[in-house]
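The next block holds one structure in the form of structure tokens; read it before the comments.
The values are calculated or read from the model by the stated rules, or taken from the named source; none is laboratory data. None of the values given here were measured: they were computed from a predicted structure. Here the Cβ is made from the backbone with ideal geometry for all residues, glycine too, and neighbour counts use every protein chain on show. Areas reflect the complete protein model, heavy atoms only, side chains present, ligands, DNA and RNA absent. Shrake-Rupley method; radii C 1.70, N 1.55, O 1.52, S 1.80 Å.
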Amino acid sequence: MTNKKRIFSGIQPSGNLHIGNYLGAIANWIKLQDEFESIFCVVDLHAITVPQDPETLRKKTLEIAKIYLAAGIDPKKSSIFIQSQVSEHAELCWILNTIAKMSELEKMTQFKDKTQAGVSEGIGVGLFDYPVLMAADILLYGTEVVPVGEDQKQHVELARDLAKRFNHKFGETFIVPKAFVKEEGMRVMGLDDPTKKMSKSATSEYNYISLTDDAETVKRKIKKAVTDSGSEIVYSDDPPRVDEASPRVEAGKPALKNLINIYASFSGKTPKEIEALYVGKGYGDFKNDLAEVINNFLTPFQEKLAAISDEDALEILRAGAEKVRPLAKAKLDDVKKKVGFIS
Ligand code: TYM
């Protein structure tokens, strides 16, 4: 390990990884891996906080690792590993549980979203505790920067609070990490509803473009994506206004804004340049080109993905776990000593 600052991030092996996960997280990791000592995790302990099928979990865990590799995470520069293969994550989570407060976890937006406004009937304790495990992931490695999409900022904030609380109570132990959220791609919205983020657990496949969708599927989904009233391709910076009685969009052009943002992220063009390209043209032309721009990224990406064998991915994951385990162990040993455990 080097003297570079450390970054840590992860993705759950559940549902279909989509272009929101890529633009909000992975694309930034690739840029950061030269500058930082990078650790990227497949967070399978998090994935079991909702009902799951063991065979699918195994498949998805390997798939996420392959996606990291195909997207450009270089195992020579970055460590890639599976969370459950480093048991220190669960152990530190337990210790942090004793300083985390019920009230702060009850405030977590993601928990409220997943439990329909906080109704906890039938919800596993693991889902409630999800952010504490995420804090353990981050704090275990002396992480300074956590590159994530905007939806994870609140969880990183909790990791900061827990680090400070622990340090205050037991003495300087954890580095207080910062979230790094890149402007472009920070929040890719659903294609079927631009008021909500694109989500792996969406019920309709028309909500997202999966990283494994073929070219025809991408065309079909973009064609079906909701658009706003009017026919001009204009980029509106107005925030979507939502009226309380009906959660539909009232003003601004949030659907088009989302599509233009996706176009911009994959093409390297600015929203203004994209607007200029479609003066006098309509949604049909714009959507055809958008599908092409996405496919220009997905097609070579999927070729690389298909070329990575299970064996190669497993080898990289095992080597990654070997590399990070000593760091995790050293930090956990220090924590155990500080709280008064006998070694
Ligand atoms: P997950 O799997 O839900 O999301 C993985 C990453 O994708 C980003 N993301 C998005 N970005 C832009 N637009 C979207 N529509 C969108 N949807 C998802 C998320 O912000 C995230 O960066 N809890 C984490 C996993 C985790 C983790 C960690 C991350 C566990 N431990 C430690 C960082 C550090 C999560 O949301 O995974």
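At-a-glance table
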{"quantity": "Test: Phe170 is open to solvent by 40 Å² or more (accessible area, probe 1.4 Å), farther than 16 Å from Ile99 by Cβ and in contact (Cβ under 8 Å) with a residue 24 or more places away in the chain", "calculated": "no"}
{"quantity": "Residues that are more than 8 Å from the ligand (Cβ to nearest atom) and either touching a Cys at 6+ places or on another chain (Cβ under 8 Å) or polar (S, T, N, Q) (or both), drawn from segment 124-133", "calculated": "Asp129, Val132"}
{"quantity": "Test: residue in segment 282-305 that is touching a residue at least 24 places away in the same chain (Cβ under 8 Å) and in a loop (DSSP other than H, G, I, E, B)", "calculated": "yes"}
{"quantity": "Ala251 open to solvent by 40 Å² or more (accessible area, probe 1.4 Å) and at pLDDT below 95", "calculated": "no"}
{"quantity": "Odd one out for Glu121, checked against (1) exposed (fewer than 14 other Cβ atoms within 10 Å of the Cβ); (2) away from the ligand (no atom under 16 Å from the Cβ); (3) part of a helix (DSSP H, G or I)", "calculated": "(3)"}
{"quantity": "Residues within segment 27-46 that are touching a Pro at 6+ places or on another chain (Cβ under 9 Å), of a type in the set (A, V, I, L, M) and more than 8 Å from the ligand (Cβ to nearest atom), tallied", "calculated": "2"}
{"quantity": "Matching option when the condition is surrounded by fewer than 21 Cβ atoms within 10 Å (Cβ to Cβ) and at pLDDT 95 or above, among Ser79, Ser87", "calculated": "Ser87"}
{"quantity": "Residue in segment 205-224 that is open to solvent by 30 Å² or more (accessible area, probe 1.4 Å), polar (S, T, N, Q) and touching a residue at least 12 places away in the same chain (Cβ under 8 Å) present", "calculated": "yes"}
{"quantity": "Of residues in segment 47-63 being open to solvent by 30 Å² or more (accessible area, probe 1.4 Å) and either near the ligand (Cβ under 9 Å from one of its atoms) or of a type in the set (S, T, N, Q) (or both), the one modelled with the lowest pLDDT", "calculated": "Gln52"}
{"quantity": "Among (1) at pLDDT 95 or above; (2) away from the ligand (no atom under 15 Å from the Cβ), the one test that Asp228 misses", "calculated": "(1)"}
{"quantity": "Ser38 open to solvent by less than 30 Å² (accessible area, probe 1.4 Å) and among the hydroxyl-bearing types (Ser, Thr, Tyr)", "calculated": "yes"}
{"quantity": "Residues that are of a type in the set (S, T, N, Q), within 14 Å of the chain's Cα centre (by Cα) and within 10 Å of the ligand (Cβ to nearest atom), drawn from segment 134-177", "calculated": "Gln152"}
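Yes or no, residue by residue, for (1) touching a helix residue (DSSP H, G or I) at 6+ places or on another chain (Cβ under 9 Å); (2) open to solvent by 10 Å² or more (accessible area, probe 1.4 Å); (3) in contact (Cβ under 8 Å) with a residue 40 or more places away in the chain; (4) farther than 27 Å from Arg6 by Cβ:
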{"residue": "Asp151", "(1), (2), (3), (4)": "yes, yes, yes, no"}
{"residue": "Leu158", "(1), (2), (3), (4)": "yes, no, yes, no"}
{"residue": "Lys164", "(1), (2), (3), (4)": "no, yes, no, no"}
{"residue": "Phe180", "(1), (2), (3), (4)": "yes, yes, yes, no"}
